[in-house]
Amino acid sequence: MKLHNYFRSSAAYRVRIGLALKGLAYDYVSVHLAKGEQFAPAFAAMNPQSLVPVLETDDGTLLYQSLAILQWLDETHPEPRLLPTEPAARNRVRSLALISACEIHPLNNLRVLRYLTDVLGVSEEQKNAWYRHWVATGFEALEARLAHEPATGTFCHGDTPGFADVVLVPQVANARRFDVDLTPFPTIVRIDAACRALPAFQAAEPSRQPDAA
């Protein structure tokens with residue numbers, strides 16, 4: 001397989017973690033978002049959204065959108081599982097993941113931040129305040145659930161890392177990049193530390209990717 005991705009993309013980071021947890025090898029194909037390589041004709045033809053990640057399977061099938069790719073991984077390589085088998089548990093895990101993937105990340109991705117500064121003329125300070133506000137808003141809800149729901153264990157759901165953790169860790173990494181105060185979120189910080197102690201999460205870290213230099 002080939003993973004078209006960028007070291008700092010949190011969506012691509014999710015898929016790298018998922019592949020590592022499944023023990024699946026892949027070729028790393030860098031699409032440098034900061035240099036605009038996502039808009040090159042060849043990549044734009046591959047993905048009309050000009051977004052990463054894109055996972056190219058062994059037979060040449062192109063897979064898009066990080067959460068859909070993670071679910072494909074569970075469907076095609078079911079062990080170890082990222083999602084529980086019981087419907088209510090699956091709902092819980094997906095809903096936890098979607099707080100980061102749908103409520104925080106879309107407001108803070110590179111396209112939005114560039115629009116704020118380049119088109120709306122927002123200052124760097126204002127942009128960073130925007131970023132921290134939406135992370136904190138999402139994390140407040142996520143912390144409340146993780147801290148009080150009995151299904152939370154060492155990880156977001158029980159004592160095995162899974163779908164929600166795969167989405168959480170990149171969001172925490174982004175929060176640290178933008179100096180979000182994580183003191184109010186001790187459960188999130190604890191789960192993030194438990195994840196990052198595992199080899200699969202370490203292998204997927206942005207600083208360890210070939211285009212991070």
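The values are calculated or read from the model by the stated rules, or taken from the named source; none is laboratory data. Everything numeric in this text was worked out from a predicted model, so none of it was measured. With ideal geometry, Cβ positions are generated from the backbone for all residues, glycine too; neighbour counts draw on all protein chains shown.
Overview of values
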| quantity | calculated |
| --- | --- |
| Matching option when the condition is exposed (fewer than 12 other Cβ atoms within 10 Å of the Cβ) and of a type outside the set (Gly, Ala, Ser), among PRO206, PRO150, PRO186 | PRO150 |
| Exclusive hit being surrounded by fewer than 18 Cβ atoms within 10 Å (Cβ to Cβ), modelled with pLDDT of 95 or more and of a type outside the set (Lys, Arg), set TYR28, TYR13, TYR6 | TYR28 |
| Filtered residues of segment 63-111 (kept if among the hydrophobic types (A, V, I, L, M, F, W, C), surrounded by 21 or more Cβ atoms within 10 Å (Cβ to Cβ), part of a helix (DSSP H, G or I) and touching a Phe, Trp or Tyr at 6+ places or on another chain (Cβ under 7 Å)) | LEU70, VAL93, ALA97, ILE104 |
| Hits in segment 1-16 (condition: outside any helix (DSSP H, G or I) and closer than 20 Å to ALA213 by Cα) | LEU3, HIS4, ASN5, TYR6, PHE7, ARG8, SER9 |
| So ALA173, is it part of a helix (DSSP H, G or I), of a type in the set (Gly, Ala, Ser) and buried (at least 17 other Cβ atoms within 10 Å of the Cβ) | yes |
| Failed condition for VAL135, given (1) farther than 21 Å from LEU24 by Cβ; (2) surrounded by fewer than 22 Cβ atoms within 10 Å (Cβ to Cβ) | (2) |
| Close pairs from segment 124-139: first over 19 Å from CYS102 (Cβ atoms), partner of a type in the set (A, V, I, L, M, F, W, C) and surrounded by 15 or more Cβ atoms within 10 Å (Cβ to Cβ), Cβ under 9 Å, at least 6 apart | GLN126/LEU116; LYS127/LEU113; LYS127/LEU116; ASN128/PHE178 |
| Output for segment 148-170, where each listed residue is part of a loop (DSSP other than H, G, I, E, B) and within 26 Å of SER9 (Cβ to Cβ) | PHE155, CYS156, HIS157, THR160, PRO161, GLY162 |
| Of all residues making up segment 27-62, the number that are closer than 24 Å to VAL166 by Cα, more than 18 Å from the chain's Cα centre (by Cα) and part of a loop (DSSP other than H, G, I, E, B) | 4 |
| Odd one out for LEU19, checked against (1) within 21 Å of GLN202 (Cα to Cα); (2) in contact (Cβ under 8 Å) with a residue 40 or more places away in the chain; (3) not in a helix (DSSP H, G or I) | (3) |
| Segment 118-132, subset exposed (fewer than 15 other Cβ atoms within 10 Å of the Cβ) and among the polar types (S, T, N, Q), residue farthest from PHE178 (Cα to Cα) | SER123 |
